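Below you'll find the structure, written out as structure tokens, and then a few comments.
No lab work stands behind these numbers, since they all come straight from the coordinates. Predicted model, so just to flag it, every value in this text is computed and none were measured. Note that we place each Cβ from the backbone using ideal geometry, even for glycine, and neighbour counts take in every protein chain shown.
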Amino acid sequence: MASSRWWLYVQAVFWRFLMRIGMFFHDISFPRPPRPLFTRTVTSDSHNHPVVLHFYCPPNYHEKRRLGHRFPVAVNFHGGGFTLGAATDDARWARAVLDNVGAVMVSVSYRRAPEHPFPAAVDDGVEALLYLARHAGELGLDVSRVALSGFSAGGNLAVTVPLRLRGRVSLEVKENLGRAESTHNLLNQVSDLNIVALFCWYPILDFEESRDHRRAMSLVPDKTLPAFFTTLFDEAYLPDVAERASPYASPVRASDRILNEALPRDVFLFICEWDMLMKEGQSFVRRLERLGKRPRAMLIEKARHGWDKSPNPWRDQNSVDILYRDACADMKAIFDR
């Protein structure tokens, strides 16, 4: 590992340790968030690094699965700038999904930077979806009803993973059409998979625009993420500056055709008023509207980036849960169509 990458790794390990402490205090307030019922490990043919999927399931999951019931699926990607965080960080969101939607939530433990820079995380998201499609029967999942959700960096993945999946299918068909059984298998898997909605909480959508410019243009610059965090995240995940223009990193750079083909009709963005990412989220919503999608934007007033992950055990959790429940009501309505 080059010296600069080594220093990024040291910083990442330090902040990961502190974030685990913060999430411990975040989780101790009542009601306690649920734990995953079980995990599955995905090993890709393209790399030897396992991707662990954490399954949060309704109380009657095993009984109903044995009776042949198929649960809709919410696939979630955690935040942390592609560098920090863990798949269990969004357990309170998982509780809302279980209680209000009755779906299975699968949280993806994707590879983190700087050890695994772009496009490792987005590729792991694709592998997770393909695994769920392959094993839907044994897991009791209805993969014709899949919603993707994510927070911060995970919100980016909720958008970029469908783009990456579409790109992977297109590439394999172009290169191997008429002669590759693997391509046929991939097409069969994707044909069963139907992403019906995205739920993106304060996502980053553009790595090309300067962080300094976004911070300066924010409503309250002092309340945005500090530069030492954003620099760590950007340099760890996207060390090659040219790759920051990739639609699989910056979905705002994708063409209208790609966005129209890869993304579902229903896209929900939850944007924090004091976040430097607020304006790009609003612009993305307007663009999706012009494409004929049905995006909905919720502006969370007087809120910082990651406002729902406060380590304060005496915080007002109900104000967060209200928005979680509202999002789940929309998710359930889409699943029940």
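Annotations for the structure displayed:
- Taking 0.36 nm per residue of sequence separation and removing the Cα-Cα distance, the ASP192/ALA329 pair yields an extension gain of 46.9 nm.
- Extended-chain gain in nm, criterion 0.36 nm per residue less alpha-carbon gap, ASP240 and GLN282: 12.4 nm
- Full-stretch length increase - THR39, SER170 - with 0.36 nm per residue and alpha-carbon distance subtracted: 44.1 nm
- If you wrap segment 215-337 in the convex hull of its Cα atoms and look at it from every side, the mean projected area works out to 9.5 nm².
- The distance between label points at PHE30 and LEU219 comes to 3.5 nm (points 7 Å beyond Cα on the Cα→Cβ vector).
- In this calculation the C-beta distance from ARG16 to HIS49 is compared with R0 = 30 Å, giving a FRET efficiency of 0.95.
- Cβ charges +1 (Lys, Arg) and -1 (Asp, Glu), total dipole of the chain, debye: 480 debye
- Model label zone, ASN318; criterion: amide N under 15 Å from point 7 Å along Cα-to-beta-carbon; scope segment 21-39: 30-31
- With helices as the sole contributors, the chain gives -14500 deg cm²/dmol at 222 nm; each DSSP H run of n ≥ 4 counts as -39500 (n - 2.57), and the sum is divided by every residue.
- Straight-distance crosslink candidates among lysines, where the alpha carbon sits under 18 Å from LYS223 and sequence neighbours closer than 8 are dropped: LYS279, LYS302, LYS309
- Expressed per residue, the C-alpha convex hull volume of the chain stands at 137 Å³.
- Cβ-based net charge around TRP93, under 13 Å, with every Lys or Arg adding one and every Asp or Glu removing one: -3
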